[in-house]
Amino acid sequence: MLLKGSARKTKVVDDINTDYIISGRYKFKIQDPYELAKHVMEDLDPEFYSKIKKGDFIVAGRNFGCGSSREQAPMAIKYAGISAVIAKSFARIFYRNCFNLGLPLIECDTDNINDGDELELDLDAGKLKNKTKDFEVAVNPFPQTMQTLLNDGGLVEHFKKHGGFKL
Amino acid sequence: MSQTITEKILAAHCGKKEVHPGEFIEADVDIVLGNDITAPPAIKEFEKFGIKKVFNKDRIMLVPDHFTPNKDIKSAQQVKEMREFTKKYGITHFFELGCMGVEHALLPEQGLVYPGQLIIGADSHTCTYGALGAFSTGVGSTDMAAGMATGKVWLKVPEQMKFVFKGKFNKWVSGKDLMLYLIGKIGVDGARYRTLEITGPAIDKLSMDSRLSMANMAIEAGGKNGIFIPDEKTKQYVESAWKSHKDTKHGKALYYSSDADAQYMSVTEYDCAEIEPQVAFPHLPENTKPISKVGKVKIDQSFIGSCTNGRIEDLRIAAKVLKGKKRHSDVRLIVIPATQEIWQQANDEGLFDIFMKAGAAISTPTCGPCLGGHMGILAEGERAVATSNRNFVGRMGHPKSEVYLSNAAIAAASAVAGQLASPEDL
């Protein structure tokens, strides 16, 4: 799978919690995921959603997605048109929720990626190319469990396809 | 091979002799939990599977606790969906208002979670039950849906970290302080994806309420699970819960422990003599300071309650501090016993009399203000000291409000002083 898009990186990069990803002001009120997506990362950058082009990447630092177990955070990201999140590390409940919803997460050094950089992510070859800065980093392949979940489009689709766990 | 308690429980739930950190397993779950925020989306996902029954109607726990008593139409609808699902599938454990409590205080008290189990819950603080020597972890609504359908969950076996507490406790220190201290040392991602096994001679002396309060905050260090080796206290706690609820149909508790030569990625020792009551400053639980170093921080509200510190031990401590005193005229004091039984007990012990005379508002059980839900929201620029577990930006209300996390003694003393304070300062 080859994903292409621009990096979307906020000024705050570390410990971006689920309340920052989607504020509690909206997450309990809005059920339509496309409406929810319009408020993604709003408290960090009110213009964040309007800058996203379909296929873009969220780029962040350490411990992205810490906090709540609620799936509104990965949903808001997915339905905003983000194709993958690239960060130094992810909080664990957020991590599993993303794969369960079919949103890929990439762990790698992100210091050299700036907001607006053009990126190309080749999930099969395990390579992330920064076209703006002309460098390439190797990306660890996903464990089989994650790969299967992504290929099937998330846990619900996986379940519908196989009638149970076939990870 | 030598194994830790966590590895043993995971192995026993996937039919293996042993498991290793990094390994992916498909495990059988004993308990699947959801609340009024996370269960409705899980129910929606469950219905998509197109199956006619849940994996086990006695092993699904549905607790409407976050916005109950229903604060608005939206929350009333959410609880209604849970109630309808309960009836449709014959779920045994749906906790209606009047027997409802904050989920992580409620399930241990009811004897529904116990040693040796594997528990998943669509709530990040599901890690609380590790205090009983169970493997317990927070998941999302999709995992909850799959868990309700199949009784299974996919898990990566976490790396194992061990924390050993030694030495004597300082005055007014409870489990909460040991945990805030630990998080202050290792940071909010210090145990990311990992197990925190919490042990040592000081832990042996801790009450079950204090252990539950510690395990509750494992997620605030990024942990997958926090776990305590079950001992005689654990056994007494669980058996007395079964007895008082006349529960004769419970399963068998399994008291695992870690092998002496089990492998850990790190072993850290802390001396309790160095641990004062702690306060976590905004906006992360790792921003801890000992109470002697907090300086002058005026507060507008003090909240005593939540799944971290809304248990009877916390209310007794708060009452001890508040007895014969009044809240500062600028401070709103909110006390929320975490469950109906704790409420009843606090009432029977005369604690409410002390709280009322101190000028507190006492509420029926709810998560309420902890997550900025209802029953004590903060306005712009306001500060609260709270016995809960999270102090992120806007957690209890306005994005420009602040939350300071502490134990019940500090929260009570601060309510009297009008600023962050120790009972020793009053």
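The table for this structure:
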| item | result |
| --- | --- |
| Compactness of the range B:5-149, expressed as Rg and Dmax over alpha-carbon positions, Å | 15.2, 50 |
| Percent of C-alpha pairs per 10 Å bin, the range B:47-87, short to long | 25, 46, 26, 3 |
| Proximal aspartates and glutamates relative to A:K11, as straight alpha-carbon distance under 15 Å, when same-chain residues fewer than 8 apart are discounted | A:E42, A:D43, A:D45, A:E47, A:D111, A:D115, A:D117 |
| Portion, in percent, of the accessible area of the protein assembly as shown that falls on carbon or sulfur, probe 1.4 Å | 49 percent |
| Charge sum, other residues only, whose C-beta stays under 15 Å from A:G164's C-beta, Lys/Arg counted +1 and Asp/Glu -1 | +1 |
| Accessible-area order (highest first, 1.4 angstrom probe) of the listed residues A:Y79, B:Y193 | A:Y79, B:Y193 |
| Whichever aspartates and glutamates have a C-alpha closer than 15 Å to that of B:K243, once near sequence neighbours (fewer than 8 apart) are set aside | B:E109, B:E341 |
| Cα-derived Rg over Rh, computed across the range A:75-167 with Rh taken as Kirkwood radius | 1.00 |
| Set A:K4/A:K127; B:K16/B:K235; A:K29/B:K80; B:K289/B:K400 screened for pairs whose C-alpha atoms are more than 18 Å apart | B:K16/B:K235; B:K289/B:K400 |
| Residue-wise HN-Hα coupling along the range B:315-321, computed from phi with Karplus coefficients 6.51, -1.76, 1.60 (Hz; x: Gly, Pro) | 5, 5, 5, 4, 5, 4, 6 |
| The range B:132-269, accessible area per residue, ligands and nucleic acids excluded (1.4 Å, Å²) | 36 Å² |
| Exceeding the 29 Å Cα-Cα cut-off - candidates B:K171/B:K325; B:K166/B:K233; B:K74/B:K176; B:K166/B:K252; A:K166/B:K17; A:K160/B:K156 | B:K74/B:K176; B:K166/B:K252 |
| Residues whose placed amide H lies under 5 Å from that of B:Q3, excluding near-sequence neighbours | B:D259 |
| 10 Å Cβ neighbours from other chains, averaged over peptide B:144-152 | 3 |
| Global size of chain B as Cα Rg and Dmax, reported in angstrom | 20.5, 61 |
| Shape category assigned to the range B:154-238 from the gyration tensor of Cα positions, a/c cut at 1.5 | oblate |
| All aspartates and glutamates inside 16 Å of B:K53 as judged from Cα atoms, apart from same-chain residues fewer than 8 positions distant | B:E45, B:E84 |
| Residues in the range A:150-167 occluded by at least 50 Å² - accessible area, probe radius 1.4 Å, against chain by itself | A:V156, A:F159, A:F165 |
| Estimated [θ] at 222 nm from DSSP helical runs (n ≥ 4, -39500 (n - 2.57)) normalised by residues in chain A, nearest 500 | -7500 deg cm²/dmol |
| Nonlocal amide H pairs with B:T268, under 5 Å, H built at 1.01 Å | B:K162, B:F163, B:V164 |
| Residues A:H162 and B:Y255, FRET efficiency given R0 of 25 Å [Cβ-Cβ distance, rounded to 0.05] | 0.10 |
| Long-range HN-HN contacts of A:V12 with modeled amide H, under 5 Å | none |
| Total formal charge among the other residues, if their Cβ is under 9 angstrom from that of B:P423, Lys/Arg +1 and Asp/Glu -1 | 0 |
| Computed accessible area, B:D28, all protein chains, 1.4 angstrom probe, square angstrom | 70 Å² |
| Cα convex hull of the protein assembly as shown, projected area averaged across orientations, nm² | 24.8 nm² |
| Expected-Rg normalisation [2.2 N^0.38 Å, Cα atoms] applied to the range A:1-60 | 1.15 |
| Three semi-axes of the equivalent ellipsoid, the range B:370-426, Cα gyration tensor, whole Å, largest first | 21, 11, 9 |
| Within chain B, helix-based [θ] at 222 nm, where runs of 4 or more DSSP H residues each add -39,500 (n - 2.57), nearest 500 | -9000 deg cm²/dmol |
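The values are calculated or read from the model by the stated rules, or taken from the named source; none is laboratory data. Keep in mind the model is a prediction, meaning the values are calculated, not measured. Backbone-built Cβ (ideal geometry, glycine too); neighbour counts: all protein chains shown. For accessibility, only protein heavy atoms count, side chains too; no ligands or nucleic acids. Shrake-Rupley method; radii C 1.70, N 1.55, O 1.52, S 1.80 Å.
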